[in-house]
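Derivation of every value follows stated rules applied to the coordinates shown; laboratory data play no part. Worth saying up front: this structure is predicted, and the values here are computed from it rather than measured. Neighbour counts run over all protein chains shown; Cβ positions are idealised from the backbone, glycine included.
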Amino acid sequence: MSEALLIDGDIASAISTADEPGKNTTFTIGELAKEFGVTLRTLRFYEDKGLINPKRDGQNRLYSRRDRARLKLVLMGKKVGFSLNEICDMLDLYDLRNGQVVQLRVALDKFNQQIDVLKEQRSHIEQAIDELSRTVEVVSGMLKEKEAAEKK
């Protein structure tokens, strides 16, 4: 399965807020950390930043399906290079059922801008790889010459 299809499925599942029978509606910090491969400290950091908002049961944090979905969106946003501030701004899109056309257009614009940024970064990386590859060829040739001269 392609990465794009996985991301599409992740976005669809992340924005779906309908409770499904038999599915957890609350999660512990440990469960979410394990599921998403992040540390407890990371989850507390995202809580401090207002990206997720667990309820408290004494000392325990209880995360809702909404928190889980928001965490999934935060991690996907980080994966494609958005800053936490940008992600925070876009999390208002979480409740897409309201049909907020303006917000969707803003998000689409940000996504397209990020694609342009990533393409430019890729171009720079490809240029750096080409230059480094040429340098490796030159240095390898020089090394062979020096080694051959030492054998004489």
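Going by average Cβ density within 10 Å per residue, which order do the peptides 135-145, 100-110 take, highest to lowest?
Numbers: 135-145: 10.0, 100-110: 12.5.
Peptide ranking by packing, descending: 100-110, 135-145.
Restricting things to alpha carbons, tell me how big segment 99-152 is in terms of Rg and Dmax, in Å.
23.3, 79
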